[in-house]
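Reading through the structure tokens given below for one structure.
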Amino acid sequence: MNTWQEISTFAWHQGIGYLIGSVLFIALLLYRLRPADRRTLKHTLFFFAICLMGLFISGSFHHLGMAKAASILHEIFIVAEGIVLIRLCGMLVFRVLLPAARLDTPSILEDMLVIVGYLIWGMVRLRYAGMDLSGIVTTSAVITAVIAFSMQDTLGNILGGLALELDNSIQVGDWIKVDDVVGKVVDIRWRSTSIETRNWETVIIPNSVLMKSKFSVLGKRVGQPELWRRWVWFNVDYNIPPARVIEIVEKAIQSADIQRVAHEPRPNCVMMDFDKSSARYAVRYWLTDLAVDDPTDSTVRAHIYAALQRADIRLPVPEGNIHLFKEGEKHNEIRLSRETAHRMKTLRKVDLFRSFSDEELNTVASRLKYAPFVRGDIMTKQGAVAHWLYILTEGEAEVVLESSSGNTTLSTIHAGSFFGEMGMMTGAPRSTTVIAKTDVECYRLDKESFESIIQSRPSIAEEISQILVARQTELHSVQDGIAAAQHSHTQANTEILTRIKKFFGLLE
């Protein structure tokens, strides 16, 4: 027998071919089906190659006459080969076969069963080598007790992680709150649980801490989608009735299409407390994406602020004693004059006020009310009765026609345009819905503010009616899909003029 045959006969144990074939076949399956585990597979196969090389080295030792060393090395690398096969089988079962059968098992369970497999394989090899296991078991029990006593915290973390996985207290992907830490669970390991916060931090919490302390799983309720209720606080002066504040804010939040705010359960507004100089309110809404809490809160606050501004409700400021001097009055007069001039400049660009004199424009400008809207706000609702019009100064809005067959976007209103003129001039219900496409700034003109002008110069009604007819004809053309409205221009002009005079009491 030559040297190579002697080394091979000792090194390559019975069944080595089946072992190599099984390892390569399972590794190939995992490589194709589990791309995320390819790095682990490479390390495992590298270790397996070392085992094969170790067997060859043990054969070399045997050839050189070092029989005892050769036997020890041979047994060590056979055990290592078995560990590789057990590891690959565990990955195949827990990461391919069980998920294919729609059975979700915790990663710790895989690790524990694989380790148990290692121990059983080691005991089998020891028994095969002729070693008495009873003495080993007795000695191991004593050693285990000593190790368990000295590693209480570590074992507590391991058992805690296993308990968390098995009873489904938390799962990867859950949002939890532990003391002052809020984040998303990204990994549950033997010793600890990893949580990623919104501040781009990863917090490592020992599993024993989670088992001993209270923690909250956010947005989780049996049989319900993932939603988390948020509170947005604000204060309003005592002079404003709570019922009015709640109605205004609820209407604004519920009607607006705000990203990441659930439609059901509906947002609501409640009065929560009495402060020294104001009432404390809160808007409660349900967040659909727990990773974006502060930006969504900010958007909700913007809608609250805009709704209160439109209702001429100011947020309270801290009270204090302020001494005013004569120069302050002059400054206010200058500021008011500049604001009025700016408003008059805006009005001159609007067709509706094209024939107004400077004095009339000044009167209208002084009576305009600032009315901001936030993107997604419903500025006016089809069918609603509202005796005012809006003049856009910043932003864009969409005109939507609601019907039984669905909603149709008719046009986009840009800065410098106006809408709601039929409601202010004739009292007619809104013919379309207007939704803020961006953040919008408007001026609102009420019927009462316009009434004194039209009463002093009734002829202005006829001039305005011609403008209204042109806009109404354009709307009818879009609604009906024809080039002309149902009424002739003359008939429509007469009809609208009569309605304006009747609405403002100009008919005898």
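Points worth noting:
- Extent along principal axes [Cα atoms of segment 168-209; Å; largest to smallest]: 25, 16, 16
- Chain lengthening between residue 71 and residue 3 when straightened (0.36 nm per residue, less Cα-Cα): 22.7 nm
- Counting beta carbons within 10 Å around each of 368, 392 and listing the fewest first gives the order 368, 392.
- Computed from the C-beta positions of residue 276 and residue 190, the FRET efficiency with R₀ = 45 Å rounds to 0.25.
- Modelled FRET efficiency - R0 35 Å, residue 53 with residue 204, Cβ distances, 0.05 increments: 0.40
- Cα gyration tensor shape of segment 25-98, rounded if a/c is under 1.5, else prolate or oblate by comparing a/b with b/c: prolate
- Difference of contour (0.36 nm per residue) and Cα-Cα distance, residue 169 to residue 247: 24.1 nm
- Short-range pairs are left out: with C-alpha atoms under 8 Å and at least six residues apart, the relative contact order of segment 169-218 is 34 percent.
- Cα-centre dipole for segment 228-310 with unit charges at Cβ (Lys and Arg positive, Asp and Glu negative), debye to 20: 160 debye
- Expressed in units of 2.2 N^0.38 Å, where N is the residue count, the Cα radius of gyration of segment 318-459 is 1.23.
- Set 220/251; 276/345; 345/447; 330/381; 251/276 screened for pairs whose C-alpha atoms are more than 32 Å apart: 276/345; 330/381
- Using every pair of separate Cα atoms, the Kirkwood estimate puts the hydrodynamic radius of segment 228-310 at 12.9 angstrom.
- Residue 345-residue 197 FRET efficiency (beta carbon distance; Förster radius 45 Å; 0.05 resolution): 0.35
- Simple label model, 7 Å out from Cα along Cβ direction - residue 112 to residue 451, nm: 8.0 nm
- In straight-distance terms, cross-link reach from residue 212 covers every one of the lysines whose alpha-carbon lies under 19 Å from its own, apart from those fewer than eight places away in the same chain; here that gives 177.
Each value in this text was obtained by applying a stated rule to the coordinates, not by laboratory testing. Bear in mind the structure is a predicted one, so any value in this text is a computation, not a measurement. Positions of Cβ are generated from backbone atoms using ideal geometry, with glycine treated the same way; all protein chains shown enter the neighbour counts.
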